[in-house]
Amino acid sequence: MAVTAAMVKELRELSGAGMSACKDALVEANGDIEQASKILREKGLAAAAKKAGRVAAEGLVQAYLTDDRKSGAVVEVNSETDFVAKNQDFIDYVNKVAELALKSNAEDIEAFMSEKWPTGETVQEVLTQKIATIGENIGIRRFTRYAACDNGTIVHYTHGGGRVVVMMELESDTSNDELIEAGRNLCMQIAAMSPLFVAKEDVSEDFIAKEKEILLQQAINEGRPANVAEKVVEGRLKKNLVSLCLLEQEYVKDGDMTCAKYLESVSASIGSKINVRRFVRYETGEGIEKKEENFAEEVSKAMGG
């Protein structure tokens with residue numbers, strides 16, 4: 001059977017594969033659309049398997065919140081290049097992953113990959129198809145899902161077009177635009193300053209002990225006598241805890257107050273105490289060892305030089 005442009009167009013719309021790949025599959029399937037789709041999927045699985053070992057440290061972080069701000073999720077989906085991360089098809093895909101993560105009951109990535117996509121395939125099957133279509137290794141790396149308490153409100157902030165996303169749960173008897181704006185401001189603070197804890201009370205004794213051990217070794221390496229080193233450690237630990245605890249930090253929008261003081265001022269304004277229950281900060285590719293490439297060498301390789 002002769003393969004027509006209309007058949008290629010139909011298969012492309014069904015599969016999302018490239019024009020040439022669709023044409024080749026149709027030729028191989030003797031014009032049978034269903035068989036050609038199967039061929040594309042089989043080839044896609046093989047192609048995805050080949051790409052699976054490649055480092056994917058770029059990508060996007062995305063948040064998805066319900067309209068009532070009572071639940072939310074943030075996900076990280078990685079790609080190999082920043083170019084793909086800016087592709088609208090990839091952006092739309094990440095948005096759908098974030099929405100599904102919120103609706104899912106999965107507790108980890110392994111379980112999430114077995115969840116059903118709206119079209120009926122599993123998350124893993126759709127991911128494999130996306131790898132074949134885009135031509136890069138892609139990975140759903142992690143997600144966090146929040147369900148707010150009775151008087152909780154979830155807010156978020158996205159920085160750099162999805163480079164960093166912060167999601168936070170605030171607790172207050174009053175939920176209005178001023179509360180949401182305060183939450184967004186604190187999320188911006190977290191995006192910029194990367195605290196690990198809400199307040200000093202949240203820092204575990206185990207964490208403090210490990211910090212003291214590291215700081216003591218640093219002081220000893222600097223040649224400090226043992227009796228002096230102990231005092232140095234106490235001073236540095238106090239300074240470190242200020243930088244690691246959100247409410248202790250200097251508020252970036254007004255250096256004359258801490259974040260705790262800022263929250264107190266908003267609480268007084270809305271007539272209801274505001275507590276930060278929790279937050280999560282995702283930064284694309286953090287902790288992934290990226291392969292360093294020489295751009296000139298990369299171009300030379302591509303040109304066969």
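The values are calculated or read from the model by the stated rules, or taken from the named source; none is laboratory data. Just so you know, these numbers come straight off a predicted model, no measurement behind them. Heads up, the Cβs are rebuilt from the backbone with ideal geometry, glycines too, and the neighbour counts pull from every protein chain shown. What goes into the accessible areas is simple: the full protein's heavy atoms, side chains included, and nothing from ligands, DNA or RNA. Shrake-Rupley method; radii C 1.70, N 1.55, O 1.52, S 1.80 Å.
Using a Förster distance of 35 Å, how high is the FRET efficiency between D89 and T66, based on the Cβ-Cβ distance and rounded to 0.05? Walk me through the intermediate numbers first.
On the way: r = 25 Å, r/R0 = 0.72.
For D89 and T66, the calculated efficiency is 0.90.
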Quiz item: Using a 1.4 Å probe on the protein chains only, how many percent of the accessible area of the chain belongs to carbon and sulfur?
Solution: 50 percent
Practice problem: Could you tell me which helices of the chain pass both thresholds, a Cα extent of 20 Å or more along their own axis and a mean Kyte-Doolittle hydropathy of at least -1.0, with helices taken as whole DSSP H runs? | Solution: 33-51, 88-103, 177-193, 205-221, 226-244
Quiz item: Per residue of the chain, what 222 nm ellipticity follows from adding -39500 (n - 2.57) for every DSSP H run with n ≥ 4, rounded to the nearest 500?
Solution: -15500 deg cm²/dmol
Exercise. Report, in whole Å, the centroid distance computed from the Cα atoms of the stretch 72-147 and the stretch 184-244.
Key: 36 Å
Practice problem: Please report the relative contact order for the chain, taking Cα pairs under 8 Å with a sequence separation of at least 6, and give it as a percent rounded to a whole number. | Solution: 18 percent
Quiz prompt | Förster radius 51 Å - calculated FRET efficiency between E13 and M257, Cβ distance, rounded to 0.05 | solution = 0.35
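What length, rounded to one decimal in nm, is gained on full extension from E115 through to D177, with 0.36 nm per residue of separation minus their alpha-carbon distance?
18.8 nm
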Quiz item: Using mean Cβ contacts within 10 Å as the protection proxy, how do 177-185, 205-213, 6-14 order, highest first?
Solution: 177-185, 6-14, 205-213
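Hey, what's the stretch 100-196 come to in accessible area per residue, 1.4 Å probe, Å²? Each step should come with its number before you reach the end.
On the way: 4340 Å² over 97 residues.
For the stretch 100-196, the per-residue accessible area is 45 Å².
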Exercise. Pop the C-beta distance of K239 and Q124 into the FRET formula with R0 = 35 Å and round what comes out to the nearest 0.05.
Key: 0.15
